[in-house]
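I have placed the structure first, in the form of structure tokens, so that the comments after it can refer back to it.
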Amino acid sequence: MTSLNRIVMQQTSRAWLEELPLSEMDAAEISGKNGRRYPFRSYERFRFPKYDICEGPFEDAGGLVHKFDIVLANQVWEHLDRPYAATKNVLRMLRVGGYFWLAVPFFIRYHGSPVDCSRWSARGLTNLLVEAGFEEENIRAEQWGNRAAAARNLEDTWPPSYDPEHDDLTNDPDCPICAWALARK
């Protein structure tokens with residue numbers, strides 16, 4: 001099942017990521033598994049609760065910070081108790097010129113896994129990234145949504161499955177469902 005909430009985000013993000021030299025990049029993904037789709041030089045998954053990005057950057061057995069060319073976080077930041085600290089920790093894990101891609105919800109129902117703490121618009125993501133140390137001119141952020149998709153998020157079955165024959169993907173800037181960003185160190 002493909003969620004209606006992620007169609008436009010996935011299309012746009014794929015285009016952004018495919019502009020990068022993925023085959024030359026070492027990638028880390030925090031919790032999700034979306035990054036397995038891409039031809040990175042190397043790919044590591046760091047899953048909560050063994051790895052908690054709020055507690056600090058991920059380290060190797062010798063205590064050195066793992067360094068990556070790109071860190072991915074798909075639908076994770078809303079579950080973090082300290083997303084600002086987590087974003088600063090990701091910045092420490094990036095090599096110079098490295099990227100942080102993240103996608104988050106704005107208008108969807110509460111979904112504690114184990115907790116549900118935050119929501120962001122594209123501007124909110126940009127602000128979070130700037131506050132954590134990324135330069136604003138090195139951030140791309142977008143959001144997508146519309147009233148019909150918002151209504152689908154209130155249905156009993158959630159998340160709503162995308163129905164290409166009936167779901168409208170037209171963007172209404174006043175009714176975001178999700179936001180995503182790509183920031184360069």
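The values are calculated or read from the model by the stated rules, or taken from the named source; none is laboratory data. Keep in mind that what you see is a predicted model, and the values were worked out from it rather than measured. No Cβ is skipped: glycine too gets one built from the backbone with ideal geometry, and neighbour counts run over all protein chains shown. To get the accessible areas, we keep the full protein, side chains included, count just its heavy atoms, and leave off ligands, DNA and RNA. Shrake-Rupley method; radii C 1.70, N 1.55, O 1.52, S 1.80 Å.
Every test in (1) in contact with a helix residue (DSSP H, G or I) (Cβ under 6 Å, 6 or more places away or on another chain); (2) more than 30 Å from Leu22 (Cα to Cα); (3) open to solvent by less than 20 Å² (accessible area, probe 1.4 Å); (4) of a type in the set (A, V, I, L, M, F, W, C) is passed by Phe107 save one, and that test is (3).
Taking residues in region 54-78 that are within 14 Å of Asp26 (Cβ to Cβ), and partners anywhere that are assigned to a strand (DSSP E or B) and polar (S, T, N, Q), the pairs with Cβ atoms closer than 9 Å and at least 6 places apart or on different chains are Phe68/Ser42. From the list Gly133, Gly112, Gly124, the one residue that fits, being within 23 Å of Arg14 (Cβ to Cβ) and open to solvent by less than 80 Å² (accessible area, probe 1.4 Å), is Gly124.
In this structure, does Arg14 turn out to be surrounded by fewer than 18 Cβ atoms within 10 Å (Cβ to Cβ), within 19 Å of Ala179 (Cα to Cα), modelled with pLDDT of 95 or more and of a type outside the set (Ser, Thr, Tyr)? So Arg14 fits the description; yes.
The residues listed here are Arg92, Arg140; of these, the one that is under 27 Å from Glu18 (Cβ atoms), among the charged types (D, E, K, R) and assigned to a strand (DSSP E or B) is Arg140.
Against the condition open to solvent by 30 Å² or more (accessible area, probe 1.4 Å), charged (D, E, K, R) and not in a helix (DSSP H, G or I), how does Glu155 come out, does it pass?
Values: open to solvent by 30 Å² or more (accessible area, probe 1.4 Å): yes; charged (D, E, K, R): yes; not in a helix (DSSP H, G or I): yes.
Criteria met by Glu155.
Screening Tyr51 on (1) at pLDDT 95 or above; (2) in contact with a strand residue (DSSP E or B) (Cβ under 8 Å, 6 or more places away or on another chain); (3) in a loop (DSSP other than H, G, I, E, B) shows it passes everything except condition (1). Screening Ala148 on (1) more than 16 Å from the chain's Cα centre (by Cα); (2) in a loop (DSSP other than H, G, I, E, B) shows it passes everything except condition (2). Taking the criterion of being hydrophobic (A, V, I, L, M, F, W, C) and within 25 Å of Pro105 (Cβ to Cβ), the residues of region 61-92 that qualify are Phe68, Ile70, Val71, Leu72, Ala73, Val76, Trp77, Leu80, Ala85, Ala86, Val90, Leu91.
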